[in-house]
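S.K.: Below are the structure tokens for one structure; questions will follow.
The values are calculated or read from the model by the stated rules, or taken from the named source; none is laboratory data. Predicted model, so just to flag it, every value in this text is computed and none were measured. When we count neighbours, we look across all protein chains shown, and the Cβ atoms used for this are built from the backbone with ideal geometry, even at glycine.
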Amino acid sequence: MDVSIVAKDTNFLRNEANKVKLDKKNTNNEALRKFFKDHCDALQFPDPIDYLLACAEAHGVTVNVIAAQSSFERTQARHILSHDKQFDRNKLIALAIAGKLTLEETDNALKYAKFSTLYAKDEWDDVIIFAINGGLTTMATNELLYDLGYDPLVKVLRRNKKQDEQ
């Protein structure tokens, strides 16, 4: 998956669409067909996981690192990354943070998954924005959220059952 597909952002496509002059008498509308042909890649939403993995790879982060640093069960992360399990907004954000995605890339992944993008006027989202811009890990982000009295990004699962028994 080519990350450069998103180079044609919504404003660019809107400006290009405004240039298209429809012929009301001709139902064939060659100008509109040409617009769709010229921009068909940009008009499609990429798969959010494929996009996330492509961005992570561009940042030098492997699937194994994402799964290990996602702060939730590795097998669950691997199932999500291989398209075998569904995910929610928080898990996608956790995977994006583990993949070292930028704020813009994280917002794109959220849009492609049809989740709301990070909103700076929402305090919880604002902490996430700060964490992404500050290069925090998923675990450090969870700790920051906890310290500030917010719900965690993901519930951290203990990997050692002996700790649970103590």
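S.K.: Of everything in region 38-54 that's modelled with pLDDT of 75 or more and not in a loop (DSSP other than H, G, I, E, B), which residue is surrounded by the fewest Cβ atoms within 10 Å (Cβ to Cβ)?
M.R.: Taking the candidates together, the pick is ASP38.
S.K.: Specify which of the listed residues (ASP164, ASP126) is farther than 14 Å from LEU52 by Cα, acidic (Asp, Glu), modelled with pLDDT under 95 and assigned to a helix (DSSP H, G or I).
M.R.: ASP164
S.K.: Quick one: is PHE72 assigned to a loop (DSSP other than H, G, I, E, B), at pLDDT 95 or above and surrounded by 15 or more Cβ atoms within 10 Å (Cβ to Cβ)?
M.R.: The answer is no for PHE72.
S.K.: As an exercise: evaluate LYS155 against (1) under 22 Å from ALA68 (Cα atoms); (2) surrounded by fewer than 19 Cβ atoms within 10 Å (Cβ to Cβ); (3) touching a residue at least 12 places away in the same chain (Cβ under 8 Å); (4) touching a Leu at 6+ places or on another chain (Cβ under 8 Å) and give the number of the one condition it does not meet.
M.R.: (4)
S.K.: Hey, among LEU103, LEU110, LEU81, which residue is without any contact (Cβ under 8 Å) to a residue 40 or more places away in the chain, under 30 Å from ASN18 (Cβ atoms) and of a type outside the set (Gly, Ala, Ser)?
M.R.: LEU103
S.K.: Here is a further query. The conditions are (1) part of a helix (DSSP H, G or I); (2) surrounded by 18 or more Cβ atoms within 10 Å (Cβ to Cβ), and ARG78 fails exactly one of them. Which is it?
M.R.: (2)
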